[in-house]
1. Which numbered condition trips up I279, out of (1) surrounded by fewer than 18 Cβ atoms within 10 Å (Cβ to Cβ); (2) under 19 Å from A226 (Cβ atoms); (3) hydrophobic (A, V, I, L, M, F, W, C)?
2. Looking at the stretch 210-263, which of its residues are under 27 Å from L333 (Cβ atoms), buried (at least 17 other Cβ atoms within 10 Å of the Cβ) and charged (D, E, K, R)?
3. Out of A335, A340, report the one residue that is assigned to a strand (DSSP E or B) and under 19 Å from L195 (Cα atoms).
4. When you scan the stretch 280-296, do you find a residue that is closer than 22 Å to E70 by Cβ and among the acidic types (D, E), even just one?
5. Quick test of your reading of the structure: V151 fulfils all but one of (1) within 15 Å of I111 (Cβ to Cβ); (2) surrounded by 15 or more Cβ atoms within 10 Å (Cβ to Cβ). Name the failing condition by number.
6. Which is on the phi < 0 side of the Ramachandran plot, surrounded by fewer than 23 Cβ atoms within 10 Å (Cβ to Cβ) and touching a residue at least 40 places away in the same chain (Cβ under 8 Å), of Q170, Q202?
Amino acid sequence: MSPLAAPPCSSELSLSVNEVAIDPAVLAEAVSGLTVSPKTLSPWLFYDEAGSILFEQITALPEYYLTRTERAIFSDHADEIINLAAHASSETPQCLTLVELGAGTATKTGILLRAAVRRQSHVIYQPIDVSETCLVEAQANIESHIPGVTVIPQLANYITQPITITRPTQAQVLALYIGSSIGNFSPVQAREVLLNLRAQLQPGDSLLLGTDLAPGEHKDVATLVAAYDDAAGVTAAFNLNILNHLNRDAAADFETANFAHRAVWNASESRIEMHLESISDHRVNVADFEIGFVAGETIHTENSYKFTHEAIAKLLCDCGFSVAKSFSDSQALFAVTLAAAV
């Protein structure tokens, strides 16, 4: 679970139905996903204003170990990560510029930026995100609290739009793709994301990839499921809010009380799945479309793939990277992998 890029725009659908403003991309996704079987909705629909606030609350929950574990790994190893990245292409250390895909408010990234400033006094940080609000907040927080960092924000959908990397003279790029964001994509899509990133990098540049680890000797399925089905119901509210998003931006009339949040572990696919389960037979209007639901039917809203160290290494190798070093916590919950572009 992590913030994803927004969709490409669509101009083929009407912008209003009965005088209600409609976001054409939201309507297109709703119609394409809810008029097939099984029903699905893309997880970028989570991130309207309310959804973004709920996700920030999720990251602070006791069950949601991902954010605090990755932050702890950064705290323990930031200087080593930065030094390894600076020496990626030669024994002579190079100046680094940091680029982050899906940066959000960049709360964890500050740990790495402080390490970079300790090493080279000044660093350029290039956060890329679809949320202008998040980019403004990230820039303000970083530049006011970490002297020596210049922030060059880029408002872009890194999935569907080209990105621009500013490369200072003789600098190497350390690209950050953290928070287990890669886990929200299917294996084919994940390779596409990393291949697109690799095309923007030069040999000797580096990638720091954060990935949630699959259940194993030290991590049970119950711990994993609880991270997506917390006792306070925040993740349930986050999942159900996708229907509120459709009501507002696709002229839908969902009643959230007709659906229940479900989080399940799919062992054969090594992923957590989030669903919204219909608790009764009923019908819903989405703009000019009427969509039927039967009790027990679900809308599949998100996958969150979990990885072994071997799977991480293979994914990186397939995409033009070579693993330099992997970092993890003592409970083997999460991994942060530094890889060199080859």
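1. (2)
2. D212, K219, D229, D230, R262
3. Numbers: A335 fails: under 19 Å from L195 (Cα atoms).
Testing whether each residue is assigned to a strand (DSSP E or B) and under 19 Å from L195 (Cα atoms) leaves just A340.
4. Taking the stretch 280-296 first, the residues closer than 22 Å to E70 by Cβ are none.
Scanning the stretch 280-296, I find no residue that is closer than 22 Å to E70 by Cβ and among the acidic types (D, E), so the answer is no.
5. Only one criterion in (1) within 15 Å of I111 (Cβ to Cβ); (2) surrounded by 15 or more Cβ atoms within 10 Å (Cβ to Cβ) is unmet by V151, namely (1).
6. Values: Q170 fails: on the phi < 0 side of the Ramachandran plot.
Exactly one residue qualifies, and that residue is Q202.
Per-residue answers, yes or no, for (1) closer than 26 Å to F321 by Cβ; (2) touching a Leu at 6+ places or on another chain (Cβ under 8 Å):
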site: D129; (1), (2): yes, yes
site: L135; (1), (2): no, yes
site: A140; (1), (2): no, no
site: E143; (1), (2): no, no
site: L155; (1), (2): no, yes
site: Y158; (1), (2): yes, yes
site: T166; (1), (2): yes, no
site: Q170; (1), (2): yes, no
site: L176; (1), (2): yes, yes
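Yes/no per residue for (1) more than 21 Å from I182 (Cα to Cα); (2) in contact with a Leu (Cβ under 7 Å, 6 or more places away or on another chain); (3) modelled with pLDDT under 95; (4) surrounded by fewer than 22 Cβ atoms within 10 Å (Cβ to Cβ):
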site	(1), (2), (3), (4)
E56	no, no, yes, yes
T59	no, no, yes, yes
Y65	no, yes, no, yes
D76	yes, no, no, yes
H87	yes, no, yes, yes
T92	yes, no, yes, yes
G104	no, no, yes, no
V117	yes, no, no, yes
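The values are calculated or read from the model by the stated rules, or taken from the named source; none is laboratory data. Every value quoted in this text rests on a predicted model; they were computed, and no experiment measured them. Using ideal geometry, Cβ is built from the backbone for each residue, glycine included, and neighbour counts are taken over all protein chains shown.
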